[in-house]
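S.K.: Encoded as structure tokens, here's the structure I'll be asking about.
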Amino acid sequence: MAAVILDTGCIVALVDRREQYHPQCVKAMTALSEPPITCEAVIVECLYLLRHLDGAAEAILEDVAKGLYQLPYVLAARAAEVSRLMKKYADVPMDLADACLVDLATQMGTGRILTLDGDFKIYRWGKNRPFELLIEF
């Protein structure tokens with residue numbers, strides 16, 4: 001089975017039980033048979049968005065340390081492609097984390113994604129392939 005990509009909104013909803021989509025994200029994560037993959041830019045976004053929630057940063061970093069989220073992406077090796085994607089989707093607009101995830105999808109050969117971001121209905125990975133959004137929102 002292909003890897004599953006993990007976006008910011010899903011991690012935020014997993015950590016913050018008050019989030020509207022917390023139950024859907026928990027259900028989607030528990031249904032996975034492999035650890036989801038993400039990038040450091042997503043982790044940074046999560047830490048920023050949850051900066052006022054006590055224990056959130058520690059919980060996310062502990063999950064990373066335990067391997068709950070795999071971080072195979074190396075931005076230094078892919079900066080030119082990320083820049084190209086951000087220019088291509090400037091009208092959306094595309095941020096760094098989303099660009100890294102689109103590039104990660106292409107590198108890993110999968111468009112299966114746990115996200116709450118409707119922009120992934122617009123973005124394309126590989127040679128114009130749509131993403132498969134695994135959470136209903």
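The values are calculated or read from the model by the stated rules, or taken from the named source; none is laboratory data. Please read these numbers as outputs of a predicted model, since none were measured by experiment. So basically every Cβ, Gly included, is an ideal-geometry build from the backbone, and we count neighbours across all protein chains shown.
S.K.: Taking residue 44, is it surrounded by fewer than 17 Cβ atoms within 10 Å (Cβ to Cβ), free of Cβ contacts under 8 Å to residues at least 40 places away in the same chain, β-branched (Val, Ile, Thr) and part of a helix (DSSP H, G or I)?
M.R.: Considered against the rule, which asks whether it is surrounded by fewer than 17 Cβ atoms within 10 Å (Cβ to Cβ), free of Cβ contacts under 8 Å to residues at least 40 places away in the same chain, β-branched (Val, Ile, Thr) and part of a helix (DSSP H, G or I), residue 44 comes out as no.
S.K.: Filter segment 66-78 down to residues that are aliphatic (A, V, I, L, M) and within 17 Å of the chain's Cα centre (by Cα) and give me whichever is modelled with the lowest pLDDT.
M.R.: Checking each candidate, the answer is 68.
A quick yes/no check of all residues on (1) surrounded by 15 or more Cβ atoms within 10 Å (Cβ to Cβ); (2) modelled with pLDDT of 95 or more:
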position: 27; (1), (2): no, yes
position: 35; (1), (2): yes, no
position: 38; (1), (2): yes, yes
position: 80; (1), (2): no, yes
position: 91; (1), (2): no, yes
position: 95; (1), (2): yes, yes
position: 98; (1), (2): yes, yes
position: 116; (1), (2): yes, yes
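S.K.: For segment 118-137, give me the residue count where each residue is surrounded by fewer than 20 Cβ atoms within 10 Å (Cβ to Cβ), in contact (Cβ under 8 Å) with a residue 60 or more places away in the chain and either under 17 Å from residue 78 (Cα atoms) or not aliphatic (A, V, I, L, M) (or both).
M.R.: Residues meeting the conditions: 2.
S.K.: List pairs: first residue in segment 19-33 and over 15 Å from residue 113 (Cα atoms), second residue acidic (Asp, Glu) anywhere in the structure, Cβ distance under 8 angstrom, at least six positions apart or on different chains.
M.R.: 22/16
S.K.: Inside segment 59-116, can you point out the residues that are assigned to a loop (DSSP other than H, G, I, E, B) and over 25 Å from residue 32 (Cβ atoms)?
M.R.: Matches in segment 59-116: 89, 90, 91, 92, 93, 94.
S.K.: Another question about this same structure. So, residue 69, is that one in contact (Cβ under 8 Å) with a residue 60 or more places away in the chain, in contact with a strand residue (DSSP E or B) (Cβ under 8 Å, 6 or more places away or on another chain) and surrounded by 13 or more Cβ atoms within 10 Å (Cβ to Cβ) or not?
M.R.: Taking the combined requirement at face value, the residue satisfies it.
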